[in-house]
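To keep things clear, I will list the structure first and then write my remarks on it.
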Amino acid sequence: MRIIAADSGTALLDKAYRPKVVLTAAAVLVEEPFTQPTAQHFRLIEEEYGKPTLLLHELQVIAELCARHSCDVIHVDASLGGAALETLSLVDILGLRITPQAKQAFRTIYPKLRKMVDRLYHQHGVSILAIGKDSVAVRIAELATAAYSVVAMATRAAAKAELLILGLPRMCTIQVQGSAVRAASLEPGEHELIASVEDRGNAVERVRLREFPNPFLRGYRILVIEPQGG
């Protein structure tokens with residue numbers, strides 16, 4: 001089975017470790033044994049934290065990856081019990097057992113969501129499942145946001161001589177192996193799950209990386225990116 005999934009994640013933090021923006025939307029193609037991407041696609045979105053439009057960014061990167069690679073099913077980071085989005089009206093969504101905040105978010109984005117889902121379904125003929133964090137493929141996409149964000153922000157930090165602080169996804173750590181930046185899961189039972197991005201500009205060599213637990217959020221880690229000589 002070939003699964004294309006997307007997530008948005010990895011936050012740019014202020015000096016008090018509060019999230020400013022979500023940095024990256026990532027789409028991944030995952031195949032058996034479902035441990036790392038076969039193909040991936042990214043957008044640096046720098047979207048306000050918690051905005052409902054994050055799902056629209058995720059559908060956009062999915063569409064862009066689907067234009068290059070076929071799949072059997074699509075997974076999105078929306079927790080609607082695995083329902084197929086192409087079959088759900090707004091009335092259907094509002095009738096589900098989801099939080100009032102989630103219902104308001106879907107009200108806000110539904111017209112654009114409907115158009116994007118219909119276009120995806122009619123162009124590629126595969127279901128778009130609102131499976132959320134239960135999906136291993138969505139988890140791999142979440143890890144991919146971290147790997148890409150590190151490369152992108154290392155490039156920015158080196159170019160602007162600027163210290164940047166990233167909030168990594170839950171139970172995620174960063175590893176640098178040669179020119180590859182890897183995001184690996186620290187969740188029990190997920191030791192095989194990784195996502196890797198090539199640092200083609202060698203930006204990571206021009207910065208210092210420091211990783212440690214987020215003192216305000218158990219299970220989350222912080223990565224400080226500091227220019228060499230800073």
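Scanning the range 201-213 turns up no residue that is touching a Leu at 6+ places or on another chain (Cβ under 8 Å) and under 20 Å from Asp77 (Cα atoms).
For Ala39, the conditions (1) within 20 Å of Met1 (Cβ to Cβ); (2) surrounded by 19 or more Cβ atoms within 10 Å (Cβ to Cβ) all hold with the exception of (2). Scanning the range 96-115 turns up at least one residue that is modelled with pLDDT of 95 or more and closer than 30 Å to Leu193 by Cα. In the set (1) of a type outside the set (Phe, Trp, Tyr); (2) buried (at least 19 other Cβ atoms within 10 Å of the Cβ); (3) farther than 14 Å from Ser149 by Cα; (4) out of contact with any Asp or Glu (no Cβ under 7 Å at 6 or more places or on another chain), the condition left unmet by Thr24 is number (3).
Taking the residues in the range 180-215 that are among the hydrophobic types (A, V, I, L, M, F, W, C) and more than 14 Å from Ala147 (Cα to Cα) as candidates, determine which candidate is surrounded by the most Cβ atoms within 10 Å (Cβ to Cβ). Per the criteria, the residue is Val207. Only one of the listed residues (Val224, Val204) is in contact (Cβ under 8 Å) with a residue 24 or more places away in the chain and in contact with a helix residue (DSSP H, G or I) (Cβ under 7 Å, 6 or more places away or on another chain). That residue is Val204. In the range 91-149, which residue that is more than 18 Å from Gly50 (Cβ to Cβ) and among the polar types (S, T, N, Q) is surrounded by the most Cβ atoms within 10 Å (Cβ to Cβ)? That would be Ser135. Among the residues of the range 186-210, those that are farther than 18 Å from Glu142 by Cα and in contact with a strand residue (DSSP E or B) (Cβ under 8 Å, 6 or more places away or on another chain) comprise Asp199, Val204, Arg206, Val207, Arg208, Leu209, Arg210.
Can you name the residue in the range 57-81 that is among the small types (Gly, Ala, Ser) and either modelled with pLDDT under 95 or in a helix (DSSP H, G or I) (or both) and, of all such residues, is farthest from Ser8 (Cα to Cα)?
Gly81
Per this entry, Arg18 is counted among residues that are without any contact (Cβ under 8 Å) to a residue 12 or more places away in the chain, farther than 23 Å from Gly125 by Cα and either surrounded by 13 or more Cβ atoms within 10 Å (Cβ to Cβ) or out of contact with any Lys or Arg (no Cβ under 9 Å at 6 or more places or on another chain) (or both).
The values are calculated or read from the model by the stated rules, or taken from the named source; none is laboratory data. Quick caveat, the model's predicted, so the values are computed rather than measured. In this analysis, Cβ positions are derived from the backbone assuming ideal geometry, glycine residues included, and neighbour counts consider all displayed protein chains.
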